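The block underneath contains the structure these notes are about, expressed in structure tokens.
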Amino acid sequence: MSYKSLDKEIVTDFLKANREDFQQKLLSEAVNVRGKISDILEKGNIDLLKNAELVAHYIVEDKEEELIAFAKIEGIAWAQHDLTLAFKLEWVHAIRRTLWYFLYQFDEQDGEDESPRKSFFDLEKRINDNVDQFLNNFFISYSDYKDEQLWSHRKLVENLSVPIIPVNSTIAVLPLIGMIDSYRVHALEEKVLMEISSMKIQTLIIDLSGTAEMEMDVLFQFERILSGINMMGCKAVLTGLRVELVRNIVDSGVEFDSLVEIKGTLQQTLKGYL
């Protein structure tokens, strides 16, 4: 393959002229993906064949900035629609193999008997570097988007897991349901103290009827929350303590008596305070 045959525009025109053959070769290389082409187009509005041609043109024409930008867009699109990375990896490798196949076809058509070694390896390095650039930026973009989604969902769960419900201008209820782990109790401490301050809560009724148990370290953290509630000038009332949780509290040696008022059920407590 001579330097003359390395003309980027001529190679791109060759790929465009053999578009259908390029697509067929690509599908034959990507065994697992080819059956999912229509599903991916329908599910994520992602045209794999069209995008593969675009990637191939960016690679051949050495358009690194466009390639990186497109990889980032693709990463977010695949993450948004929960398309697997295994498919993407197979697809990009298929693009690489197909592109090299057509470069070989182009070289044969060019009529050169012998290609200068340096020219060939320069081209191979450039194409492989560009493919790797696309892959790296695609995976970084995909991962960053997923991380942002996880963080957003985690913050949403935090807010839902600490539902402070105002009963009137001074009384609020905090029903806790499910397992209280160290991460959740930390979020609980932060939100409870902020809400007491912003909502001017004077009495906070914490209902634990939906909580079966707490780990030992969580009990000590929970004691700190109750202490913080008192320091904010708010009265804490515990209701709905279940047998398993009472047993854990007794075994831990943690004493809530001086920090809270303990009542039987939420209904009885609300009736008494209202």
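The values are calculated or read from the model by the stated rules, or taken from the named source; none is laboratory data. On a predicted model such as this, the values are computed, not experimentally measured, just so you know. Positions of Cβ are backbone-derived with ideal geometry, glycine not excepted, and every protein chain shown enters the neighbour counts. Accessible surface areas use protein heavy atoms only, side chains included; no ligands, DNA or RNA. Shrake-Rupley method; radii C 1.70, N 1.55, O 1.52, S 1.80 Å.
Quick notes on this structure:
- Surface per residue (accessible, 1.4 Å probe) for the chain, Å²: 56 Å²
- Cα gyration tensor category, rounded, prolate or oblate, for segment 144-274 with a/c compared to 1.5: oblate
- Across the accessible surface of segment 6-139, with the other protein chains kept in place and a 1.4 Å probe, carbon and sulfur atoms take up 48 percent.
- Comparing 257, 39, 107 in a Gaussian network model of the chain (Cα springs below 10 Å), the most mobile by mean-square fluctuation is 257.
- Multiplying the residue separation of residue 242 and residue 64 by 0.36 nm and subtracting their alpha-carbon distance yields 57.8 nm.
- Taking a straight line from the alpha carbon of residue 8, these aspartates and glutamates sit under 15 Å away, with near neighbours fewer than eight places off in the same chain left out: 53, 61, 62, 64, 107, 110, 122, 124.
- Calculated on the alpha-carbon coordinates, the convex hull of segment 194-251 measures out at 81 cubic angstrom per residue.
- DSSP-defined beta bridges in the chain - what % are antiparallel, rounded to 5: 10 percent
- In degrees, nearest ten, helix 85-110 long axis to first principal axis of the chain (Cα): 10 degrees
- Environment charge of residue 90, counting only residues whose C-beta is closer than 14 Å and scoring Lys/Arg +1, Asp/Glu -1: +4
- With the convex hull constructed from alpha-carbon coordinates only, the chain shows a mean projected area of 21.5 nm² over all directions.
- Value of D in µm² per second that Stokes-Einstein yields for segment 163-215, Kirkwood Rh from Cα pairs, at 20 °C (1.002 mPa s): 185 µm²/s
- Annotation for segment 1-85: GluC sites (Glu not before Pro) lying in DSSP loop with at most 16 further Cβ atoms inside 10 Å of their Cβ are 61.
- Those lysines that a straight Cα-Cα span of less than 30 Å connects to residue 43, excepting residues fewer than 8 apart in one chain: 16, 25, 63, 72, 88, 146, 155
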